[in-house]
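J.: Can you read through this structure? Questions will come right after.
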Amino acid sequence: QVQLVESGGGLVQAGGSLRLSCTASGRDFNSYTLGWFRQAPGKEREFVAAITWSKYYADSVKGRCTISRDNTKNTVYLQMNSLKPEDTAVYYCAARIGYLIRWYEENSYDYWGQGTQVTVSS
């Protein structure tokens with residue numbers, strides 16, 4: 001069983017930055033595929049970024065967000081810059097043990113965090 005705990009959300013003005021963190025319990029963290037998804041009010045949850053041996057981004061955040069991981073801390077990060085009001089959402093961390101081909105699909109992931117709210121004011 002893997003437990004994921006996110007932190008780092010908050011209220012920020014447009015153009016600002018936030019760094020989200022997600023710490024995982026469990027062993028062999030370096031073998032996990034890790035993803036970030038988000039869900040805005042009234043919308044479906046959508047892919048934001050994922051990291052395996054490579055990094056992948058949704059077009060909507062490419063160039064503004066960076067996903068990274070620290071295997072010594074069992075933590076994955078999402079650095080978000082140049083934030084826009086449309087980035088407002090609950091952000092979720094997700095994990096799957098092993099390599100994922102469909103890292104962009106939420107159904108590919110077995111474990112989810114509780115979510116952290118990001119609100120970007122205009």
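J.: Name the residues in region 63-90 that are in contact (Cβ under 8 Å) with a residue 24 or more places away in the chain, open to solvent by 30 Å² or more (accessible area, probe 1.4 Å) and assigned to a loop (DSSP other than H, G, I, E, B), would you?
T.: Residues satisfying the conditions are 71, 73, 74, 81, 82, 84, 88.
J.: For region 91-113, which positions are within 12 Å of the chain's Cα centre (by Cα) and either surrounded by fewer than 18 Cβ atoms within 10 Å (Cβ to Cβ) or of a type in the set (Gly, Ala, Ser) (or both)?
T.: 94, 95, 104, 106, 113
J.: How many residues are assigned to a strand (DSSP E or B) and closer than 17 Å to residue 6 by Cα when one looks only at region 91-117?
T.: Filtering region 91-117 for residues assigned to a strand (DSSP E or B) gives 91-97, 111-112, 116-117.
If we keep only those that are closer than 17 Å to residue 6 by Cα too, we end up with 91-96, 111-112, 116-117.
Of the residues in that region, 10 qualify.
The values are calculated or read from the model by the stated rules, or taken from the named source; none is laboratory data. None of these values were measured; they are calculated from a predicted model. Using ideal geometry, Cβ is built from the backbone for each residue, glycine included, and neighbour counts are taken over all protein chains shown. Just so you know, the surface numbers come from the protein's heavy atoms only, side chains and all, with ligands and any DNA or RNA stripped out. Shrake-Rupley method; radii C 1.70, N 1.55, O 1.52, S 1.80 Å.
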